[in-house]
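*Asks:* Before I ask anything, here is the structure I am working with.
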Amino acid sequence: MFFEDFTRNNNESSLQKSIYHMLYMLASFKEVEVSFNDNIDTKNYLEGEAEFYQYVKNLYFDMYHNNEKYKLDSTKYDEYMKSDKRSKGKFMVEKQHHQDAKESSLRNKFQQSVTFYFRFLYELGIYADICTDTFSLKISKNKYENVLKNAETAKVRGETHERADILLSSGIDRQEYEDGYVFSCEKYPKMFLGLAVLCRAPESKYKWMNYMRLDYKRYHSPAPEMSDIKETMPQDSAHNINILTETLKGMPLKMRVKPMRNITSDFKWKVEFIYKSKSCIGFYVDYTSLLVCIYFNDSKNITAMADTLRNMDEELFEWYRNHIPERLCKCPNNRWVTLGDTRRRICGMSNRLDVNNPNESDMENCVKVLRTFRKL
């Protein structure tokens with residue numbers, strides 16, 4: 001990867017795993033030429049992009065190794081995840097399509113604490129003006145309050161001033177003048193130009209995600225491509241996705257990538273391939289796992305497909321049956337399906353086949369099932 005110099009702890013906390021996840025999800029650095037009507041040379045912007053990328057990378061390194069400095073802690077989360085209460089409720093979470101509210105609340109606390117610093121920088125880049133002589137940022141006190149307000153989230157409410165001050169320890173200098181503040185950085189004097197490029201990118205549903213990933217190459221064409229996604233996967237996952245995408249090339253499918261709201265752990269790429277306006281196959285992936293899904297759109301189609309495969313290929317049918325996930329939730333969308341001589345309850349909201357961390361054989365079976373069901 002592009003951060004080979006990073007050393008992980010042997011006994012990582014959930015917080016450290018989440019920070020590492022964010023590092024892994026960063027785009028590889030590739031500068032982009034931009035031109036704004038501000039009399040600042042393009043060369044300075046290019047240097048600023050490299051400096052801001054390096055600053056953020058170092059900020060992640062420092063957060064990972066010095067949690068207390070940034071007021072980051074996942075102790076309560078880690079204790080809960082090891083508790084009997086969590087273990088006893090695991091079946092309910094996995095089989096009943098049920099969200100563990102306590103797990104979610106504790107996780108959101110430490111993850112929002114991490115992302116605050118990047119939300120703050122983003123809002124600063126949106127509201128502040130660039131000083132053309134020093135490349136620092138200048139902002140009025142009223143606008144600065146807007147920055148803090150917009151960077152605030154539910155789990156860090158009331159802590160924004162304190163956390164903004166903490167960020168100054170990462171090498172950012174803040175000087176107060178009569179009506180506002182000037183932000184600069186001695187080590188990376190042009191880094192705020194790099195921040196400005198990401199903040200001034202054309203509006204799109206991918207703008208925030210591209211900022212979080214420091215993806216400068218997506219300035220002009222914001223939608224990520226398969227190559228962007230694969231560079232954040234482990235080699236074996238990327239290989240299996242290659243098998244899928246190469247097979248799908250000749251089919252009349254359109255790829256759709258859902259923009260991520262965040263890049264902390266538990267946020268994955270979601271990619272779907274659309275056929276006749278309906279999702280037919282897709283996957284969720286990050287550096288830890290790959291989940292491939294085939295969508296049947298209706299529970300009746302799952303039963304019908306089971307009958308087709310049983311008559312066509314007994315081995316493929318058994319594979320199919322083993323990958324229809326059981327859901328025991330009591331919601332109105334729960335449905336019964338028949339898989340040969342087996343009846344199973346599934347979630348009628350998804351109506352899909354799931355393959356966790358597939359191998360080559362699984363990928364080949366996915367394609368066989370897809371072709372049979374969609375008649376492709």
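*Asks:* Among the candidates 357, 311, 334, which residue alone is touching a Leu at 6+ places or on another chain (Cβ under 9 Å), modelled with pLDDT of 95 or more and either surrounded by 19 or more Cβ atoms within 10 Å (Cβ to Cβ) or assigned by TED's automatic domain parsing to the domain that holds residue 274 (or both)?
*Replies:* Exactly one residue qualifies, and that residue is 357.
*Asks:* May I pose another question? Out of the residues in the stretch 249-266 meeting the condition of being touching a helix residue (DSSP H, G or I) at 6+ places or on another chain (Cβ under 8 Å) and closer than 18 Å to residue 293 by Cβ, tell me which one is surrounded by the fewest Cβ atoms within 10 Å (Cβ to Cβ).
*Replies:* For the stretch 249-266, the residue satisfying everything is 266.
*Asks:* If you don't mind, another one. Select, from 210, 240, the only residue that is surrounded by 21 or more Cβ atoms within 10 Å (Cβ to Cβ), out of contact with any strand residue (DSSP E or B) (no Cβ under 6 Å at 6 or more places or on another chain) and under 30 Å from residue 364 (Cβ atoms).
*Replies:* Exactly one residue qualifies, and that residue is 240.
*Asks:* Criterion first (among the hydroxyl-bearing types (Ser, Thr, Tyr), modelled with pLDDT of 95 or more, under 30 Å from residue 269 (Cβ atoms) and surrounded by 14 or more Cβ atoms within 10 Å (Cβ to Cβ)) does residue 320 satisfy it?
*Replies:* Against the criterion (among the hydroxyl-bearing types (Ser, Thr, Tyr), modelled with pLDDT of 95 or more, under 30 Å from residue 269 (Cβ atoms) and surrounded by 14 or more Cβ atoms within 10 Å (Cβ to Cβ)), residue 320 qualifies.
*Asks:* Right, here's the next one. Any idea how many residues of the stretch 184-207 are surrounded by fewer than 20 Cβ atoms within 10 Å (Cβ to Cβ) and farther than 17 Å from residue 259 by Cβ?
*Replies:* 6
*Asks:* Restricted to the stretch 97-136, and to residues that are of a type outside the set (D, E, K, R), touching a strand residue (DSSP E or B) at 6+ places or on another chain (Cβ under 9 Å) and not in a helix (DSSP H, G or I), which residue is farthest from residue 194 (Cα to Cα)?
*Replies:* 97
*Asks:* Another one. Cβ-Cβ under 6 Å, sequence separation 6+ or interchain: first residue in the stretch 88-110 and within 19 Å of residue 152 (Cβ to Cβ) and at pLDDT 75 or above, partner surrounded by 15 or more Cβ atoms within 10 Å (Cβ to Cβ) and among the aliphatic types (A, V, I, L, M). Which pairs?
*Replies:* That search, which allows pairs on different chains as well, returns 110/15.
The values are calculated or read from the model by the stated rules, or taken from the named source; none is laboratory data. Just so it is clear, the model here is predicted, and its values are computed rather than measured. Virtual Cβ from ideal backbone geometry, glycine too; neighbours counted across all protein chains shown.
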